[in-house]
Amino acid sequence: MENQSDLCCQECGTKVDRLPTLVEYEGQEIFLFDPVICKNCLLDLCNRFSVRCENCGGSIPPYSQVGVLKADNGQREFVHMNTACSTVGNAFYGYLGKGNLHHFVEIEAC
Ligand SMILES: [Zn+2]
Ligand SMILES: [Zn+2]
């Protein structure tokens, strides 16, 4: 069994009792296993790094899955990865991190 007793928040060093860290941000539940971040820091990150969904206008919190669109000017636009917001035009998807994408995957073959 995994020993979770000495997990510490990567942001502030506070002991994190158990994973995932669960917060609710603007009506969306966020479960975070990796990295280890405490509730307060995760909420803080949500406030600082969430991006706007181009489709519904809602916020997409960090460490959640996003669809990525390329805008005409070369900038990336993000949409929720759900049936309501994700469209067939999505060229990419990934996980949003702190202000950028990590685990960024291209799903369009050609
Ligand atoms: Zn923390
Ligand atoms: Zn959306």
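Name the residue from F33, C9, V23 whose Cα lies farthest towards the positive end of the charge dipole of region 1-49, charges +1 on Cβ of Lys and Arg and -1 on Cβ of Asp and Glu.
C9
What nm distance separates the two modelled labels at Q10 and D34, each placed 7 Å from Cα along Cα→Cβ?
Computed distance between label sites Q10 and D34 equals 1.0 nm.
Since every read-out is calculated from the coordinates, none of them should be taken as a lab result. Model, not experiment: these values are computed from the prediction. Methodologically, a virtual Cβ is constructed for each residue, glycine included, from the backbone with ideal geometry; neighbour enumeration extends over all protein chains shown.
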